[in-house]
Amino acid sequence: MNTEYVHEFVVLAETKNYWEASERLFMNQSTLSKHIKSLENDLGVQLFNRTTRKVELTNYGKTFLPFAQSIARAEFDGTTAIRHLLNIENGLLTIGTLPSMPQYKVTQLLAQFQVAYPEVSVRLTEDDPVNLMKYLENENCEIIFSREDKQTFERNILQDDHIHRIPYMTDSLVALVPKNHPLAKLDSISLPQLKDEQFCLIKEGSLMYQIAMDACQQAGFIPNIIFTSHRVDSILDMVTNQNCVALLMNQHLAIPDNGPKPIKTPWVTIPISPTISSQISICYRADKPLSKTAQLFIDFCTNKLVN
């Protein structure tokens, strides 16, 4: 049995349409039809009832579908594991990093590492910390730069024997308000002072969104959120032009060492009091041996952080 045909069967079962399935599979309908027919011949049963517009699974097809999905998933996981091992053996280091790499000096650190080890290849994936931890778990990334709120970090670094964490940088929550806002001249601000404001936050489902929401709820209110985005520049635009308040981490707004000179901004940054901190860490699996390249990177970072 051709496992590729099994995968095609799963896609056709999901779409119930040869045209849509062939588009998703990047093949023509005629080839797909031949493959499905070949699979049916191998099994000795008809998997689909065909009409001019769509296809429906027969009872045989419905019975076979969960097994086909398992076969397709196992093949994908197997080939992914092989590619991962090949990457390690060929010296490719896969690193996941949170957005705003220049502000968190990740870009500079990687550049220094590659100067020290020019023979090493690095592949970067940028995503929210919620997803980065999943990448580490399923071995899509060997090392990640991740964020946790202070309490979670302090608990995990003591109790989590599955993930090793190297403290990299501490960050704290700030409020951004327009310069003409009545609160703009304050040196610090408590969250209850913002309870009647309109908020714009990092997108829902992100760790930053959860940190901001938890902080507001612990301060006794649910924020009136009128805008969310994964782009910090879009949030800054809303603060400037829609008189919103944003909750971000202070380092989101840092000027990179090699970035443009600071300019006057139409908004101000006010520290939240009491301080709400998060910890950026370099993380890797404690239950898996690091590749030689990954160990080089960990040693390099440790040395940099100590010095």
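At a glance:
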item	result
Isotropically averaged projected area of the chain, using the convex hull of Cα atoms (one quarter of hull area), nm²	22.1
Residues residue 29 and residue 130, FRET efficiency given R0 of 41 Å [Cβ-Cβ distance, rounded to 0.05]	0.60
Principal-axis tilt of helix 207-218 within the chain, Cα atoms, nearest 10 degrees	50
Nearest 10 degrees, 0 to 90: helix 3-15 Cα axis against the chain principal axis	70
Stretch gain in nm, segment residue 152-residue 303, where the contour uses 0.36 nm per residue and the Cα spacing is subtracted	51.8 nm
Global form of the range 1-43, assessed from the alpha-carbon gyration tensor, a/c cut-off 1.5	prolate
GNM result for the chain, Cα springs below 10 Å: residue of 153, 64, 113 fluctuating most strongly	64
Cut-off 13 Å between beta-carbons: net charge of the residues surrounding residue 246, Lys and Arg +1, Asp and Glu -1	-1
Net charge over other residues, Cβ less than 15 angstrom from the Cβ of residue 268 (K, R count +1; D, E count -1)	+1
Förster-model FRET efficiency, 30 Å R0, residue 19 and residue 77, C-beta, rounded to 0.05	0.55
The chain: antiparallel DSSP beta bridges as a percent of all, rounded to 5	65
Choice from 223, 274, 178 showing the highest fluctuation, given a GNM over the chain with Cα pairs closer than 10 Å	274
Within the range 167-270, percent of DSSP bridges classed antiparallel, to nearest 5	55
On Cα atoms only, tilt of 29-43 relative to the major axis of the chain in degrees	60
Among beta bridges that DSSP assigns inside the range 76-173, antiparallel share in %, nearest 5	0
Gain in span if fully extended, residue 240 to residue 286, counting 0.36 nm per residue against the direct Cα distance	12.1 nm
Per residue accessible area in Å² of the range 89-210, where ligands, DNA and RNA are left out and the probe is 1.4 Å	50
Rounded, prolate or oblate (a/c below 1.5 giving rounded, otherwise prolate when a/b exceeds b/c) for the range 178-307 by Cα gyration tensor	prolate
Over the chain: helical MRE at 222 nm, DSSP H runs n ≥ 4 each giving -39500 (n - 2.57), nearest 500	-14000 deg cm²/dmol
Label-point separation, residue 275 to residue 231 (7 Å along Cα→Cβ), nm	3.3
Choice from 31, 80, 107 showing the highest fluctuation, given a GNM over the chain with Cα pairs closer than 10 Å	31
Label point distance in nm, residue 67-residue 222, each placed 7 Å from Cα along Cα→Cβ	4.9
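The values are calculated or read from the model by the stated rules, or taken from the named source; none is laboratory data. Quick caveat: nothing in here was measured; it's all calculated off a predicted structure. Don't worry about glycine lacking a Cβ; one is built from the backbone with ideal geometry, like all the others, and counts go over all protein chains shown. Only protein heavy atoms, including side chains, enter the accessible area calculation; ligands, DNA and RNA are left aside. Shrake-Rupley method; radii C 1.70, N 1.55, O 1.52, S 1.80 Å.
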